[in-house]
Amino acid sequence: MSSFRLGYLAQGERNYPPRKPSTHLYPRNRWEYQAVIQGEMGLMTPSQMEPLFRSEFLWIMDPDLPHD
């Protein structure tokens, strides 16, 4: 049995401010999936302090990865 569990956190649309990167990086304790269906979304990690913006993209973040 794996020690990782998938957790259902939210569903539906989320509207992020256009290209306003946050600097509050913190790890989530579960896998996180976000799909960009319209527009674009950026991801910032400690190793990538400038957000990497993508459109029509599936982001998959593993547990304990600090990101925002």
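Here the contact order of segment 26-67, divided by its residue count and restricted to Cα pairs under 8 Å and six or more residues apart, works out to 55 percent. A simple spin-label model places pseudo-atoms 7 Å from Cα toward Cβ; at residue 25 and residue 48 they are separated by 1.2 nm.
The numbers here are math on the coordinates, done by the rules we state, and not lab data. This one's a predicted model, so the numbers in the text were calculated from it and none came from an experiment. Methodologically, a virtual Cβ is constructed for each residue, glycine included, from the backbone with ideal geometry; neighbour enumeration extends over all protein chains shown.
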